[in-house]
Amino acid sequence: MTPDALALAELVHRGEVQPIELVEQAIERIDRLDPLLNAVVTRAFEQAREAALEVDPRLPFAGVPLLIKDLCAEVDGLPMHEGSAFLRHHVSRGDQEYVARLRRAGFVILGKTNTPEFGMMPTTEPALHGATRNPWDTTRIAGGSSGGSAAAVASGMVPVAHANDAGGSIRIPASACGLLGLKPTRARNPLGPRYGDVFASMVVEHVLTRTVRDSAALLDVTSGPDLGDPYGAPPHAGTWLEEVRREPGRLRIAVTRRTADGDLPAPDVLTALEDSIGLLSELGHEVFERDLVELDRPVASAIGRLYGASIDWCLRYWIRELGREPEPEELEPLTRLYWERAQRVSGGELLMAQTTVQAFSRRVAVAQQDFDLWLSPTLATAPPTIGHLTTGDLPVDEQRSAELVAFPLVVANLTGCPAMSVPLCWTDDGLPIGLNLMARFGDEATLFRLAAQLEQARPWADRVPPVLR
């Protein structure tokens, strides 16, 4: 398996390898593996070669190859499709600030990764580009909406890849592909210059990685407010990488075994959760059962309105940018259905939904004073087969998606709290199962400390998926 990003950068720093060599090796891996996995939808190999020849070898991630998710993140001169035929001919003008920070850290961008249309599904199977396949079992989904990035990292095409999360879109594919997926605190990373926030402040940017230290080190080079940001995350003293080296101490961890509907997850997921509880207890942590705060009917209705209004905003934004409305065949049926529903949400209803969610966030914050972390499975089942969530029968697709993402991952997005899917377990037939940990607002440090302890106790980074055997 490819060394992690910090290890590759260290080779460059010591003069043992040149950035162009890292880029050429990554290009070879993409050429070899992507015909099977369909993770990369835009290739910028010539630009990457040129950038590798010019990169300063002293930079923190000098010459390390990287892929950018084709959603929200603008990369100057590259196509921007967001999984939709409506954007088939759009090319970005200018870098998103987050992308610019990656470049300034020395990363070399090789292209962009597959995503469902406008990031709306927990699986990456857009009509425009086709399905991304899971490196652990190519009949299975890689998750969504950062599925292309997850498949690229899990297969070793690149050591890290950009991702973003509006309701689990970093953590879902992390679980499906056996990766570490951190959703940072709201506004920890910038969304500008085009956006102040996205999807009613629920979207955050970060990466998918194989190691805890890479996730922390990436946050070190990208986090911090940008000029004109509407709000910022609480500042952190020191570096995130330093937190990885610190002991977490004895933590109080609340755990729920039941989904938002009160059901139990699939047996193999429940087994993985029990195994993880045992490991945490062995490491000296206090683990006790407690559900967080109920997603009652008013909160669930408010979530629906926020997401609906956000889809309406997304389409209106691109209509303004492209100067035209989408043709009927340029939107997938599910997107069009959501858009039609969304246009029935009034401005007053949207603001009332925000009020409801903000009150819910305060209840969560009060509950969190009794413990350090909240633990649940990331998904209620192992990754299902491709096509299971995209049958074309819209009620079936909505129901099956809800059954997969049955644990309330969206709570972290609603509250702005950091959350992380940790790849602690695999099923008997070799499919990854992630465990979701949510911390208090602004407290990525506890997540990094515990994840590093778990990584040391049960290493996962050197596991090799079948596509590489």
Within the chain, helix-based [θ] at 222 nm, where runs of 4 or more DSSP H residues each add -39,500 (n - 2.57), nearest 500: -12000 deg cm²/dmol
Magnitude of the charge dipole, the chain, Cβ model with Lys/Arg +1 and Asp/Glu -1, debye to 20: 560 debye
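Contact order normalised by length for the chain, with contacts defined as Cα pairs under 8 Å and 6 or more residues apart; what percent is it?
Relative contact order here is 17 percent.
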Gap separating the Cα centres of the range 347-372 and the range 373-426, nearest whole Å: 21 Å
Footprinting exposure proxy for Thr2, Thr185 (fewest neighbouring C-beta atoms within 10 Å first): Thr2, Thr185
Per-residue HN-Hα couplings for the range 58-69 [Karplus 6.51, -1.76, 1.60; θ = phi - 60°; Hz; x = Gly/Pro]: 8, 5, x, 10, 4, x, 6, x, 9, 10, 10, 5
Sorted by Cβ density within 10 Å, fewest first, the residues Phe45, Phe407: Phe45, Phe407
Alpha-carbon centroid distance for the pair the range 90-107 / the range 213-284, whole angstrom: 27 Å
Loop-exposed GluC sites (Glu not before Pro) per DSSP, neighbour cap 14 Cβ within 10 angstrom, longest uninterrupted part of the chain: 17-293
Cleavage-rule hits, trypsin sites (Lys or Arg not before Pro), the range 21-64, DSSP coil, Cβ neighbours within 10 Å at most 16: Arg58
At most 16 other Cβ within 10 Å, DSSP loop - trypsin sites (Lys or Arg not before Pro), the range 262-358: Arg290, Arg324, Arg344
Interchain or long-range residues, amide H under 5 Å from Leu424's placed H: Leu435
For the range 421-428, Karplus couplings with θ = phi - 60° (6.51, -1.76, 1.60), whole Hz, Gly/Pro x: 9, 10, x, 8, 9, 10, 6, 4
FRET E, pair Glu54, Asp462, Förster distance 35 Å, beta-carbon r, rounded to 0.05: 0.60
Sequence-distant residues sharing a close amide H with Val287 (under 5 Å, placed H): Ile253
Stretch gain in nm, segment Ala237-Glu340, where the contour uses 0.36 nm per residue and the Cα spacing is subtracted: 32.5 nm
Residue-wise HN-Hα coupling along the range 174-181, computed from phi with Karplus coefficients 6.51, -1.76, 1.60 (Hz; x: Gly, Pro): 4, 5, 5, 10, x, 10, 8, x
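Counting other Cβ atoms within 10 Å, keep those with at most 13, restrict to DSSP loop, and tell me which trypsin sites (Lys or Arg not before Pro) in the range 93-200 are left.
In loop regions of the range 93-200 (DSSP not H, G, I, E or B), the sparsely surrounded trypsin sites (Lys or Arg not before Pro) are Arg93.
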Tensor-based shape of the range 342-469 (alpha-carbon gyration tensor, a/c under 1.5 rounded, otherwise prolate or oblate): oblate
Contour minus Cα-Cα distance for Gln358 and Arg324 (0.36 nm per residue): 8.7 nm
Percent antiparallel among DSSP beta bridges (both partners in the range 5-468, rounded to 5): 65 percent
Options (1) 36.2; (2) 22.3; (3) 20.1 - which one matches mean projected area of the Cα convex hull in nm² as calculated here: (3)
Potential lengthening between Val17 and Glu274 on full extension [0.36 nm per residue; Cα-Cα distance subtracted]: 88.1 nm
Inter-probe distance in nm under a simple model that places probes 7 Å from Cα toward Cβ, at Leu283 and Trp313: 3.5 nm
Nonlocal amide H pairs with Gly94, under 5 Å, H built at 1.01 Å: Asp76, Gly77
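Since every read-out is calculated from the coordinates, none of them should be taken as a lab result. Values in this document were obtained by computation on a predicted structure and should not be read as measured data. Here the Cβ is made from the backbone with ideal geometry for all residues, glycine too, and neighbour counts use every protein chain on show.
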